[in-house]
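Asker: This is the structure I want to talk about, given as structure tokens.
The values are calculated or read from the model by the stated rules, or taken from the named source; none is laboratory data. Note that the coordinates shown come from a computational prediction; the quantities given were computed from them, not determined experimentally. A quick note on method: Cβ atoms are made from the backbone with ideal geometry, for glycine too, and the neighbour counts reach across all protein chains shown. SASA here: full protein model, heavy atoms, side chains in, ligands and nucleic acids out. Shrake-Rupley method; radii C 1.70, N 1.55, O 1.52, S 1.80 Å.
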Amino acid sequence: MSIAPSPPAALTSPDTLNVLLRNIRHVVLDMDGTIYRGNTLFEDTIPFLNTLEALGIGRTFLTNNSSKATKDYLAWFKKIGIDARVNELYTSAQSTLEYLRANKPKVRRIFLLGSPNLSQEFAEAGFELTADDAADEPDAVVIGFDTSLTFSRLCRAAFWIKRGKPFVATHPDRICPTDEPTVLVDCGSICRALEEATGRKPDRVMGKPDPQMLCGILKRHHLAPGELAMVGDRLYTDMAMARETGCLGILVLTGETTALEAVEAKPPPDLVVPHLNNLGARFKNEHAGEILRS
């Protein structure tokens, strides 16, 4: 009979890890696979969020999924029982908009492969979206998670990419997690098709694991990297980004990564927990001890 592996030892020593946990002032939570799966909220999520609030630890919900606008996520959160504010959500679309403003100030006209919600978010941010027309020339091409993708628009994106237009992707995910009996082809797979057609990879891929995602949150909340914990279920996005940014990386085993994969990860995450309630208990212990010591 096979025995499931235990979570790996932390990358840092237990004493050092305890100190790092006590220093945390803000927690960034990946969404699908960490606080819910598909349409199902994990039973540990609300108690964990209540623990953060009781301890005075801030929170940001982070997602690579660019198919929904910020307002859509907030409405979804309300429906499943999470009361979140606009400044508690950070998406790959927001990161992409910030990147374009800071690094491509002359880009105003965009050919976008994205959902109607993403198109609206870009339009509301002041960008003009060009049509599927060779006469309507854009300044850049942006690829998102296009749940309304058509063959004609895919070909038009390739047309402009082939002609050297800046080529930016909102995130690298190949598929989007779902609890439905299907495969959701995501932004990374769309970009791969365009790469095969044009011979060009995206000039910049935003979203996890790009450290700009966490850097944007650090800037928004005036935090140092050591005050931020990234909690997620993927080694190659959530944990890689935390390591690159210098933040604490905490892996939960409720999503994509298995216990065996966590054991074999090199380098391992700073901390691995089976569920959010285990992490909540760790925060309670360390921050309660901090109060007693002060």
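Condition check ((1) farther than 30 Å from MET230 by Cβ; (2) crowded, with 20+ Cβ neighbours inside 10 Å) across all residues:
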residue: LEU89; (1), (2): no, no
residue: ALA123; (1), (2): yes, no
residue: ASP132; (1), (2): yes, no
residue: ALA135; (1), (2): yes, no
residue: VAL168; (1), (2): no, yes
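Asker: Check whether at least one residue in the range 144-160 is at pLDDT 95 or above, open to solvent by less than 40 Å² (accessible area, probe 1.4 Å) and closer than 18 Å to ARG101 by Cβ, and report yes or no.
Answerer: yes
For (1) without any contact (Cβ under 8 Å) to a residue 40 or more places away in the chain; (2) out of contact with any helix residue (DSSP H, G or I) (no Cβ under 9 Å at 6 or more places or on another chain); (3) closer than 17 Å to THR63 by Cα; (4) of a type outside the set (Lys, Arg), each residue gets a yes or a no:
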site	(1), (2), (3), (4)
LYS208	no, no, yes, no
CYS215	yes, no, yes, yes
ARG220	no, no, yes, no
ALA224	yes, no, no, yes
GLU227	no, no, no, yes
VAL231	no, no, yes, yes
LEU235	yes, no, yes, yes
ARG243	yes, yes, no, no
GLY246	yes, no, no, yes
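Asker: Select from the range 221-234 the residues that are open to solvent by 40 Å² or more (accessible area, probe 1.4 Å) and touching a Ser or Thr at 6+ places or on another chain (Cβ under 8 Å) and write down the one among them that is farthest from LEU112 (Cα to Cα).
Answerer: Here the answer is PRO225.
Asker: Can you go through THR237, THR258 and tell me which one is under 20 Å from ARG174 (Cβ atoms), buried (at least 22 other Cβ atoms within 10 Å of the Cβ) and polar (S, T, N, Q)?
Answerer: Checking each option against the conditions leaves just THR237.
Asker: What is the residue count in the range 84-107 for residues that are under 14 Å from HIS221 (Cβ atoms), in a loop (DSSP other than H, G, I, E, B) and of a type in the set (A, V, I, L, M)?
Answerer: 0
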